Every structure is written in C-alpha cells, then in structure tokens.
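Reviewing the structure listed below.
The values are calculated or read from the model by the stated rules, or taken from the named source; none is laboratory data. Computed from a predicted model, the values in this text were never measured in an experiment. FYI the Cβ positions are ideal-geometry reconstructions off the backbone, even for glycines, and counts take in every protein chain you see.
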C-alpha cells in the first residue's frame, strides 16, 4: 500500500511539473529612460525694483526636454572629506541660508524653469546688495531632468482606496 501511494505521488509530481501551456502574447520591447544631468556656474545680476533679487542668465537645456519631464536642481554646498575619495555634497533647491546674527535675515537660492530652459534666482528678506560675495560667485548648480509622462488621471483618495479595494478602517495609522 505504501508503494502504491509513493508511486501515485511521484507520478502526479512528474505529470504536473511537465505540463506546459500555450505561450502568452509577445510583450513590447522595454525602453530605458535615463535622466540627463548638467552643471552650470552662473553669474548673478541684481534687480533692484520691485524684486530685490539676483537673477542668473537663462540656460537652455543641451538636450531635448519634454513638457512632462521633471526638472530638479541642486547647489554644490560643500565636500565631505571624511571619506576617501572626498564626495561632493549637493543640496536640492530651494535652499534657505539663515544668518546667525539675531536679525532673522535669510536668503534663498531658487530656480524657475520651462521645458526649454532654467534660470536661478537669489531672493531674501533684506537688502540683497549686502549679501556676501562668496554667496554670489563660484556657485555650482546641477540640473537633473527626469523623464516622465503626464498621468492619465489624478485620482482622489476615495478613488485610490476603491482601486486598492480598501476602506478607511484598513489604513494603518502611525503616531509619533
């Protein structure tokens, strides 16, 4: 009896592992989307009225950018020399710089972009003609363009929960 059960178990295992179904439809070829990156070292020009701001030149993208692509910008804010080889430290814009003199003064590196170009600005809450020269010159900015497509929909939270077949009671709540 044990031999018959062992024979049936082995034969059914072989039978089920050797089954093969019809091949599925061929898929589409994959596309590799890589972001593009470049760096600039802008010169800033002060615009007194009404903005009290510094503006860089407008930099055209050196590659094709689509309106749906995402533009991210970073400022080189230092270098980590505790590792070998040293590594650049990049801070994403906008970036606020606060003065520690008790006045509450600060300025902000920021940017504007279209799908054709990018421009950097320095804005602040005080007369920016008093900004330190080192904060204006030799500033390196990295621009990263990440390919994207416009979403077909912008679902509400209710629609998202319906798609995921969840309700409010199934959402985990985290308390800090």
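Table: residues versus (1) over 22 Å from residue 61 (Cβ atoms); (2) out of contact with any strand residue (DSSP E or B) (no Cβ under 8 Å at 6 or more places or on another chain); (3) surrounded by fewer than 16 Cβ atoms within 10 Å (Cβ to Cβ); (4) modelled with pLDDT of 95 or more.
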{"position": "89", "(1), (2), (3), (4)": "yes, no, yes, no"}
{"position": "98", "(1), (2), (3), (4)": "yes, no, yes, no"}
{"position": "102", "(1), (2), (3), (4)": "yes, yes, yes, no"}
{"position": "110", "(1), (2), (3), (4)": "no, no, no, yes"}
{"position": "117", "(1), (2), (3), (4)": "no, no, yes, yes"}
{"position": "120", "(1), (2), (3), (4)": "no, no, no, yes"}
{"position": "123", "(1), (2), (3), (4)": "yes, no, no, no"}
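Quick one: is residue 26 assigned to a loop (DSSP other than H, G, I, E, B), at pLDDT 90 or above and within 30 Å of residue 148 (Cα to Cα)?
So residue 26 fails the test.
Can you name the strands (runs of 3 or more DSSP E) wholly within region 42-118 that have at least 2 residues being under 17 Å from residue 135 (Cα atoms) and touching a residue at least 40 places away in the same chain (Cβ under 8 Å)?
Hits in region 42-118: 53-60, 70-80.
This table checks each residue for (1) farther than 30 Å from residue 125 by Cβ; (2) touching a helix residue (DSSP H, G or I) at 6+ places or on another chain (Cβ under 8 Å); (3) surrounded by fewer than 11 Cβ atoms within 10 Å (Cβ to Cβ).
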| residue | (1), (2), (3) |
| --- | --- |
| 34 | yes, no, yes |
| 37 | yes, no, no |
| 45 | no, no, no |
| 51 | no, no, no |
| 57 | no, no, no |
| 61 | yes, no, no |
| 72 | no, no, no |
| 75 | no, no, no |
| 85 | yes, no, yes |
